[in-house]
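Participant: One structure, as structure tokens, below. Some questions next.
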Amino acid sequence: MLSTLQPPRSLSLLPLRRFQSSKHIVSAASSSSTAPVTSPPQSQILTTRRSLLSGETTAVEIAKSYLSRIRLTEPQLKCFLHVSENVLKDAQEVDQRIAKGEELGPLAGVLIGVKDNICTEGMPSTAASRILEHYRPPFDATAIKKIKDLGGIVVGKTNMDEFGMGSTTEASAFQVTANPWDLTRVPGGSSGGSAAAVAARQCMVSLGSDTGGSVRQPASFCGVVGLKPTYGRVSRFGLMAYASSLDVIGCFGSTVADAGMLLHAISGYDRFDSTSSKQDVPEFQSQFLSVDHFECKPLKGVKVGIICETLEDGVDSGVRSATQEAASHLEALGCVLTEVSLPSFSLGLPAYYVIASSESSSNLSRYDGVRYGNQVMAEELNKLYECSRGEGFGGEVKMRILMGTYALSAGYYDAYYKRAQQVRTLIQKDFKAALEQNDILISPAAPSAAYKIGEKKDDPLAMYAGDIMTVNVNLAGLPAVVLPCGLVEGGPSGLPVGLQMIGAAFDEEKLLKVGHIFEQTLKGSSFVPPLLANVA
Amino acid sequence: MSTTLLKTIQLNQFSLLGTALIRRRSNNVSVRCCGSQTATTHEAKQTSPSRVAPKNHKSNKLDEILRDYEAVIGIETHVQLSTLTKAFCSCSNNYGSYPNTSICPVCMGLPGALPVLNSKVVEFGVRLGLALNCELSLKSKFDRKQYFYPDLPKGYQISQFDIPIASGGYVDLDIYVVQVDLNRAGVPLLEIVSEPDMRSGVEAAEYACEMQRIARYLGVSNGNMQEGSLRCDVNISIRPIGQAEFGTKVEIKNLNAFSAMSRAIDFEISRQALLYDQGKADQIVTETRLWDEGAQKTVTMRKKEGLADYRYFPEPDLPEVILTQEYVDSIRASLPELPEAKRRRYEAMGLGMQDVLFLANDVSVAEYFDAVIGKGAEVKLAANWIMGDIAAYLKNEKLSINDMKLTTQELAELIAAIKDGTISGKIGKEILFELLAKGGTVKGMIKEKDLVQITDPAEIEKMVIKVVSENQKQLEQYRSGKTKLQGYFAGQVMKMSKGKANPGLLNKILLEKLNAKD
């Protein structure tokens, strides 16, 4: 199949450079003198815009090339639950606007994958659950509406762990997504489809959702940029709730700039979401200078705290050294590096699972089979609830509903839910203190690189433990970006490892600036999975 | 509703409202301290001993039993708010609209939909809280109350659990109101919970009636019990007098009139007292009972097995409700005069209690009355017209005072015209009915029908002389001692004047002529 691919013209737009693999430790660092020089990754959004405006190519051409890549790679990857029938039609509209000389929205012609728990009008939106099989919402999520208003094209709906509950995308009711770096491995989760689709260049950017790391961990596993904004930065209206006080819509891109520009497009107060913030949304784009404009120490004086608890036992040595080398790279860029301790760090994981499960037990009550979704006929009302939910929900979802119901029950509330909320306050305090001393904090995005499909399927606790790096950020409501910083051994050509940068609330701007400079100056690797290199 | 209240007072002579007014009149203050039943009873006995006469519909035996027990009654009142839109979305909030016509993704509970609090609901909550003398929480929050039910699309109700918007209030029935909750998704609802402070059906019914009055005065709800806009659930238990702990609590629902509420509670007290008396107290179980209006008794609806666990937790989709002191102050400043203040004011004007209760009962009547006296009409006269002929007319025609053609301006003019003698009281009444039926102005009516009273003594004298001279026979009889015939003469003169002669003048001149020694 792959060999029959004729590289479409617009593929030349894509920075499809393959990592030069070596047999041993494959982490990249600026200090490595042996690494080959590669040009820094380029923004897909900006490249698309330039080529559309210059007439070098058309939106239809670009869309066709992506669709053909989806056709070629999808049988192996299974990133999408649904591919839109309207991609070419939408692209034609963009071309017509160009032909008429009309103004182009900043996302004109940009092909965007959307996690299946984000409502898209008239397009299936199932949260990868049987209980919503064939459900097509009558409205667009606010984020989708904004994207469409700016000219963006929804390519399709990406696979995920059912209702966002999982860290591997194996808990989808419909299919298992493979990691483009190694088809025998998981892409991470729960936004595994969105991460893998960007990694495999099936779309330029994508939306995910992040409740406990569901954007950042798959970004790390798939070698793409994953941006989790501050809680309240993006409207949750139209995002199917998992844990409302933690859920945020996040962005994937193959560059920091792409993730940042997508975030800018979907950010802002929304009167349909009372928890959305009225904070101004700054113009992130000015941060994304090209390398030639960087000063010699472009991050001079930026204070970076490395969270020491994240480099302790239980973290793979390859991940640890990649993180340390990333820290050295930041230092080389002028950052002032210190070690920071967050005493409450280890309390976050249990608190997260109590709060998220509690809220989910309530949020998922609406799926009762009465008004929409999977209904199992029964003679009696309680039986209808029982059967519809019993057959509609998968095992992981049922387990979390049960855990949450238990934690909220009379007599247990104080010991679980209330205590977890107290822990949450502690975590917020610790982060606040650390971020008063530092501009950003860094840590690995996950304790390991992508693991094998099925490896943790029967060991939920081991899977939950993998969320240790990310859940605290959700509990504190802070923004964080994960970007590839190196590779560790595994798979046909190494497995990517992500670095997590955490910022102060509503200071995505600083994160994006540091992230962009880090990415553009990181030498030695470009994070394109081998699958793609073969295709190209 | 006015009739309900008056009926209540007539039928049940143990009205707490009555005693409250009397207490205040005797300057016996400390309204909140009198929360316990013994104090109130005592007060009532002192002021009006006849009021504690046993109720005649109960046997003496039952009365004896009842004397040994004390009822403990708490009421949960649900007030459906008359906001234009629902509580958490912008769908219209219409009673009686077709099923499923006022719906959107939010109230359907579609995936991804989020609630947004209607600020009017908060405003109404604050208004009611202030009217009930509550302590307002400047910071309150919403919670989710979870259970499955077909008309509960999200599987939870958005409600206030442990931090209500207002708490610690009281009404001037000496009843503590614990809290006002903002409640339930969809249709906006305020929940007013009382302490278990009430002791009888009448007292409870009067409490509920005052809630209705307050809600209507504030304009937060139409308060219609039939539509379910005002719903009262009663919790009731009894205990032997002197026992500190409460008995087993029974809930009564389906009370759609104040009179039903009063009767249901009294029935339930008797039922429980009898069971106690027969040594069958264990048959009083935690349950929900319905009032059967036909059979005039309460019947079991469902027995509760243990307490339902609603797994309350803070609603993460809605931020805390933060009120500023300025906001609260501005609402306080905009509060209308409330029923209790109105009653006191009317009382101070010198109106009797029956008048006070009638006029203040219905906010529209009270507003009408206030407007009439605001235009200079004498208080007692205005009250009499409104409570007498006008009320009778409205009742007959099944009209509300707001639909009436007689404007406040015209009623004030009518009263003034009678008072200054422009027209007689009798003609005043005729004009009133014309105005009620057709509208128009008093001045126009008087002019059109030439109804101005004749007050010119010369003119009256002329008529008197004519009548006297035309009735010589009767004059002789009068002068020979049959003085009753004065009435006959007066009637003849009045007839000649077409009823317009001033009766006082007429009689004075007539007497002069009849008794004249010519």
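Participant: Check whether at least one residue in region A:148-171 is more than 14 Å from chain B (Cβ to nearest Cβ), in contact (Cβ under 8 Å) with a residue 60 or more places away in the chain, out of contact with any Phe, Trp or Tyr (no Cβ under 8 Å at 6 or more places or on another chain) and of a type in the set (Lys, Arg), and report yes or no.
Facilitator: Within region A:148-171 (the criterion being more than 14 Å from chain B (Cβ to nearest Cβ), in contact (Cβ under 8 Å) with a residue 60 or more places away in the chain, out of contact with any Phe, Trp or Tyr (no Cβ under 8 Å at 6 or more places or on another chain) and of a type in the set (Lys, Arg)), the answer is no, since none of the residues qualifies.
Participant: Please tell me if A:Gly156 is surrounded by fewer than 24 Cβ atoms within 10 Å (Cβ to Cβ) and under 23 Å from A:Lys64 (Cβ atoms). Walk me through it before giving the result.
Facilitator: Details: surrounded by fewer than 24 Cβ atoms within 10 Å (Cβ to Cβ): no; under 23 Å from A:Lys64 (Cβ atoms): yes.
For A:Gly156, the condition - surrounded by fewer than 24 Cβ atoms within 10 Å (Cβ to Cβ) and under 23 Å from A:Lys64 (Cβ atoms) - is not met.
Participant: Here's another thing I want to ask about it. Being more than 14 Å from chain B (Cβ to nearest Cβ), open to solvent by 20 Å² or more (accessible area, probe 1.4 Å) and under 23 Å from the mean Cα position of the chain (by Cα): is that true of A:Ser443 here?
Facilitator: No; evaluated as a whole, the condition is false for this residue.
Residues are listed down the side, and each one gets a yes or a no for (1) touching a strand residue (DSSP E or B) at 6+ places or on another chain (Cβ under 9 Å); (2) within 14 Å of another protein chain (Cβ to nearest Cβ); (3) in a helix (DSSP H, G or I); (4) under 22 Å from B:Gly109 (Cα atoms):
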| position | (1), (2), (3), (4) |
| --- | --- |
| A:Pro106 | no, no, no, no |
| A:Gly122 | no, yes, no, yes |
| A:Thr126 | yes, yes, no, yes |
| A:Thr177 | yes, no, no, no |
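Participant: Additional query: Checking the structure you have, find out if any residue of region A:414-430 is modelled with pLDDT of 95 or more, of a type in the set (Gly, Ala, Ser) and closer than 30 Å to A:Ser286 by Cβ.
Facilitator: Looking through region A:414-430, none of the residues is modelled with pLDDT of 95 or more, of a type in the set (Gly, Ala, Ser) and closer than 30 Å to A:Ser286 by Cβ.
Participant: Specify the residue that is nearest to the other protein chains (Cβ to nearest Cβ); the eligible residues are those in region A:353-371 that are open to solvent by 10 Å² or more (accessible area, probe 1.4 Å) and in contact (Cβ under 8 Å) with a residue 12 or more places away in the chain.
Facilitator: A:Val370
Participant: Which condition number in (1) open to solvent by less than 10 Å² (accessible area, probe 1.4 Å); (2) within 20 Å of A:Phe345 (Cβ to Cβ) is the one that A:Tyr231 fails?
Facilitator: (1)
Participant: Sticking with this one: Just need a number here: residues in region A:128-139 that are within 10 Å of another protein chain (Cβ to nearest Cβ) and surrounded by fewer than 24 Cβ atoms within 10 Å (Cβ to Cβ).
Facilitator: Of the residues in that region, 3 qualify.
Participant: So which residues in region B:110-145 are under 19 Å from B:Pro319 (Cα atoms) and either at the interface with chain A (Cβ under 7 Å from one of its Cβ atoms) or of a type in the set (Ser, Thr, Tyr) (or both), if there are any at all? Break it down into steps so the answer makes sense when it comes.
Facilitator: From region B:110-145, those under 19 Å from B:Pro319 (Cα atoms) are B:112-126, B:136-145; that's our starting set.
Those that are under 19 Å from B:Pro319 (Cα atoms) and either at the interface with chain A (Cβ under 7 Å from one of its Cβ atoms) or of a type in the set (Ser, Thr, Tyr) (or both): B:Gly112, B:Leu114, B:Val116, B:Leu117, B:Ser119, B:Ser137, B:Ser140, B:Arg144.
Participant: Spot the failing condition for A:Ser321; the list is (1) among the hydroxyl-bearing types (Ser, Thr, Tyr); (2) in contact with an Asp or Glu (Cβ under 9 Å, 6 or more places away or on another chain); (3) in a helix (DSSP H, G or I), and only one is missed.
Facilitator: The number of the failed condition is (2).
Participant: If the Cβ limit is 9 Å and pairs must be 6+ apart or interchain, which residue in region A:103-115 that is open to solvent by less than 20 Å² (accessible area, probe 1.4 Å) pairs with which residue that is among the aromatic types (Phe, Trp, Tyr)?
Facilitator: The qualifying pairs are A:Leu111/A:Tyr66; A:Gly113/A:Phe80; A:Gly113/A:Phe252.
Participant: Tell me which residues, restricted to region B:316-347, are among the hydrophobic types (A, V, I, L, M, F, W, C) and farther than 14 Å from B:Asp370 by Cβ.
Facilitator: Within region B:316-347, B:Leu318, B:Val321, B:Ile322, B:Leu323, B:Val328, B:Ile331, B:Ala333, B:Leu335 qualify.
Participant: More than 30 Å from the chain's Cα centre (by Cα), outside any loop (DSSP other than H, G, I, E, B) and among the small types (Gly, Ala, Ser) - does that describe any residue in region B:397-416?
Facilitator: The answer is no, given that none of the residues of region B:397-416 is more than 30 Å from the chain's Cα centre (by Cα), outside any loop (DSSP other than H, G, I, E, B) and among the small types (Gly, Ala, Ser).
Participant: Determine which member of the set A:Phe237, A:Phe272 is within 14 Å of another protein chain (Cβ to nearest Cβ), crowded, with 24+ Cβ neighbours inside 10 Å and in contact with a Phe, Trp or Tyr (Cβ under 8 Å, 6 or more places away or on another chain).
Facilitator: Numbers: A:Phe272 fails: crowded, with 24+ Cβ neighbours inside 10 Å.
Answer to the check: A:Phe237.
The values are calculated or read from the model by the stated rules, or taken from the named source; none is laboratory data. Quick caveat: nothing in here was measured; it's all calculated off a predicted structure. Here Cβ is always computed from backbone atoms with ideal geometry, including for glycine, and neighbour counts include all displayed protein chains. The protein model used for the area step is the full one, side chains on, heavy atoms only, and it has no ligands, DNA or RNA in it. Shrake-Rupley method; radii C 1.70, N 1.55, O 1.52, S 1.80 Å.
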